[in-house]
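Asker: Structure provided below as structure tokens; questions to follow.
The values are calculated or read from the model by the stated rules, or taken from the named source; none is laboratory data. For clarity, every value in this text was computed on a predicted model and none was experimentally measured. Heads up, the Cβs are rebuilt from the backbone with ideal geometry, glycines too, and the neighbour counts pull from every protein chain shown. Ligands, DNA and RNA are excluded from the accessible area calculation, which covers all protein heavy atoms including side chains. Shrake-Rupley method; radii C 1.70, N 1.55, O 1.52, S 1.80 Å.
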Amino acid sequence: MTSKLWGGRFTEAAEQWVDEFGASISFDKELVEEDLAGSIAHVTMLSKCGIITEEEAETIRGGLKTLLKKAQHGELEYEVDYEDIHLNLEKLLTDEVGPVGGKLHTARSRNDQVATDIHLYMKKQVSSFIQQINQLQTVLVSLAEEHVETILPGYTHLQRAQPVSFAHHLMAYFWMFQRDKERLTDSLKRIDLCPLGAGALAGTTFPIDRTYTAQLLGFGDIYQNSLDAVSDRDFLVEFCSNASLVMMHLSRFCEELILWSSQEFQFVEISDSFATGSSMMPQKKNPDMAELIRGKTGRVYGSLISLLTVLKGLPLAYNKDMQEDKEPLFDAVTTLRGSLSIFTGMLESLTVRKENMQKAVSSDFSNATELADYLVSKGIPFRESHEIVGKLVLNCIQKNIFLLDLPFEEYLAASPCFEQDVFEVLQAKTVVSRRNSAGGTGFEAVRAALETAKTKI
Ligand code: ARG
């Protein structure tokens, strides 16, 4: 049996299987670098405030730095008996520098320690997610720039509605990701707070300098209340919520890529490197990566619900339940990281089948609104023109043709306001290019929007 670092008031040791149930080292070892950084700052503060000597601090810091090097080379060995990353590192430190290592934990608890670790961890992760989203937006913009005048059907209710520029469709996602990026950026100000020095829950009698520790760790500010400092996990819930939104946006985009790459649409082709074959059907090329991202979205939602549920009903301050924050969090981080990079790669290597998009808009009724607007421009009230065009569409459906195939006489019979230019008006390209209201799909409006978008990346 290993003697526990908190073993003083215990007369009996827990059995191994009980220890294993309580331990978090199998997953919180992920926080090793953050934990060591927090300790280095803490020990530096302790000596600056005269709580330990400069010499003791130097020895402890040296030991912590050695551990950091070993951690980076994967040379640290952890034991379940030491429960979590904090106690494992304290044990390893004492092995390294002797009993003076025991001074490190002065004026500190694992409660403020673990909170500090996850704040440091989240700061790093969120900043790197912002970068990743930026990268995806860059790819979106360059794809959109190639396709301002590529036209495809726009849908509502998954029924052909009005033709739109492909660039415009792509850029709709750009703005979703822009909001995601802004939400993550905003969340940084709540992450950028240092809990260290809150102690177990009540602060400490030692003359510590929390602001100094926070500065050493690069935090913008400190928590104002020690109870809140050790028991706040709002920022993790917030992250999982932000991550859920990013995943939802990726998932919707994936759904479109899956539809568009089907035999029925053939609007795009996913590159071979992001698709897989079937073990049985030789002709198959499946959009597996897009499907997986769509599926993994559920995991991230799961993390969000896990965290909310773990926290619900917890009394102040720290409770062991909170150890359950890490696995869902790490899982959300890993899933989001992978999904964003796979998706970006998939988009970068996507083949766009413009001709098929064009073919689609030439054989549908997505120009019907334009026809109604045409009559309005000739002075007919919209309700009336809607009715006239509805009848023309019905007429076409009965003849199994489209509006462009209908002879001019039929137009004249429907309304004397029609003129020969109606056939020009009905071209998909005309339909799209004319919608230049701000934020519309007209080519000019799309080009202007692209310029605005570029200022965001
Ligand atoms: N392993 C714990 C966690 O992840 C660290 C904090 C433990 N604190 C305590 N007093 N048991 O939450």
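Asker: Counting only protein heavy atoms and a 1.4 Å probe, tell me what percentage of the stretch 274-359's accessible area is made up of carbon and sulfur.
Answerer: About 58 percent, which is the carbon plus sulfur part of the accessible surface.
Asker: Applying 1/(1 + (r/R0)^6) with R0 = 45 Å to the Cβ-Cβ distance of GLU79 and MET248, what FRET efficiency is obtained, to the nearest 0.05?
Answerer: 0.65
Asker: Please work out the FRET efficiency for the pair PHE27 and GLU264, using the Cβ-Cβ distance as r and a Förster radius of 35 Å; give the result to the nearest 0.05.
Answerer: After rounding to 0.05, the efficiency reads 0.20.
Asker: Rank by packing, highest mean first: peptides 84-92, 147-155, 202-210, 267-275, with packing defined as the count of other Cβ atoms within 10 Å averaged across residues.
Answerer: Result, highest mean Cβ count within 10 Å first: 84-92, 147-155, 267-275, 202-210.
Asker: On C-alpha positions alone, give me the angle between the axis of helix 234-260 and the longest principal axis of the chain, in degrees, nearest 10.
Answerer: Roughly 30 degrees, rounded to the nearest 10.
Asker: If you don't mind, another one. Using only the alpha-carbon atoms, how far is helix 382-399 inclined from the longest principal axis of the chain? Give it as 0 to 90 degrees, nearest 10.
Answerer: Roughly 80 degrees, rounded to the nearest 10.
Asker: Amide H of VAL268: which non-local residues (sequence gap of 5 or more, or other chain) have their own amide H closer than 5 Å, using H built in the peptide plane?
Answerer: Close amide H contacts, sequence-distant or interchain: SER261, ARG353.
Asker: Which value in nm describes the separation of the simple spin-label points at MET281 and ILE305, placed 7 Å from the Cα toward the beta carbon?
Answerer: In this crude label model, MET281 to ILE305 measures out at 3.1 nm.
Asker: Taking the Cβ of ALA13 as the center, what net charge do the other residues with Cβ under 10 Å away carry, scoring Lys and Arg +1 and Asp and Glu -1?
Answerer: Residues near ALA13 contribute -3 overall.
Asker: In whole Hz and in residue order, list the ³J(HN,Hα) couplings for the stretch 21-32 that follow from phi through the Karplus curve 6.51 cos²θ - 1.76 cosθ + 1.60, θ = phi - 60°; x for Gly and Pro.
Answerer: After applying 6.51 cos²θ - 1.76 cosθ + 1.60, I find 5, x, 6, 10, 4, 4, 10, 7, 4, 4, 9, 4 Hz.
Asker: Output ³J(HN,Hα) for the stretch 414-428: one whole-Hz value per residue in order, computed from phi by the Karplus curve 6.51 cos²θ - 1.76 cosθ + 1.60 with θ = phi - 60°, and x for Gly and Pro.
Answerer: Working through the residues one at a time gives 6, 7, x, 6, 5, 10, 4, 5, 4, 6, 6, 4, 7, 4, 3 Hz.
Asker: Starting from the Kirkwood radius over alpha-carbon pairs of the chain, derive D by Stokes-Einstein at 20 °C in a medium of 1.002 mPa s and give it in µm² s⁻¹.
Answerer: 81 µm²/s
Asker: Separation between the GLU256 and PHE382 pseudo-spin-labels, each 7 Å from Cα along Cα→Cβ, expressed in nm?
Answerer: About 2.5 nm separates the two model spin labels.
Asker: Using amide H atoms built in the peptide plane, which far-off residues or other-chain residues are under 5 Å from VAL164 H to H?
Answerer: HN-HN under 5 Å from VAL164: LEU152, GLY154.
Asker: Given H placed 1.01 Å from N in the peptide plane, which residues other than close sequence neighbours of CYS194 have an amide H under 5 Å from its amide H?
Answerer: Result for CYS194 returns ASP221, ILE222, TYR223.
Asker: Sticking with this one: Of all alpha-carbon pairs in the stretch 42-111, indicate the percentage at a distance above 18 angstrom.
Answerer: That fraction is 37 percent.
Asker: Going 7 Å from the Cα of ASP321 in the Cα-to-Cβ direction, what parts of the stretch 100-139 have a backbone nitrogen less than 12 Å from that spot?
Answerer: none
Asker: Stretch ASP221-SER3 to full length: gain in nm at 0.36 nm per residue minus the Cα-Cα span?
Answerer: 74.7 nm
Asker: Moving to a separate point now. Carbon and sulfur: what percent of the stretch 1-115's accessible surface (1.4 Å probe)?
Answerer: Carbon and sulfur atoms account for 51 percent of the accessible area of the stretch 1-115.
Asker: Right, next: Given a Förster distance of 35 Å, report the FRET efficiency between THR205 and THR334 from their Cβ-Cβ distance, rounded to the nearest 0.05.
Answerer: According to the calculation, E is roughly 0.30.
Asker: Please state, rounded to one decimal and in Å, the Kirkwood hydrodynamic radius that the stretch 66-181 gives when every pair of distinct Cα atoms enters the mean of 1/r.
Answerer: 19.0 Å
Asker: Can you give the helix-only mean residue ellipticity at 222 nm for the chain, where every DSSP H stretch with n ≥ 4 adds -39500 (n - 2.57) and the sum goes over all residues, rounded to the nearest 500 deg cm²/dmol?
Answerer: Per the formula, -19500 deg cm²/dmol.
Asker: Here's a follow-up. Residue by residue through the stretch 351-358, what is 3J(HN,Hα) from phi via Karplus (6.51 cos²θ - 1.76 cosθ + 1.60, θ = phi - 60°)? Round to whole Hz and write x for glycine and proline.
Answerer: 9, 9, 9, 4, 4, 6, 5, 4
Asker: With a 1.4 Å probe and all protein chains left in place, how much accessible area per residue does the chain have, in Å²?
Answerer: 48 Å²
Asker: Still on this structure, please answer the following. Provide the solvent-accessible area of ARG447, counting protein heavy atoms only and rolling a 1.4 Å probe, rounded to the nearest 10 Å².
Answerer: Its accessible surface works out to 110 Å², give or take rounding.
Asker: Arrange the peptides 109-122, 424-437 so that the one whose residues have, on average, the most other Cβ atoms within 10 Å appears first.
Answerer: With the highest mean Cβ count within 10 Å placed first, the list reads 109-122, 424-437.
Asker: At SER142 and LYS124, where each label point lies 7 Å from the Cα along Cα→Cβ, what is the point-to-point distance in nanometres?
Answerer: Label at SER142, label at LYS124, 2.9 nm between them.
Asker: Using alpha carbons only, how many degrees (0 to 90, rounded to 10) separate the axis of helix 326-348 from the longest principal axis of the chain?
Answerer: For 326-348 against the chain, the angle is about 40 degrees.
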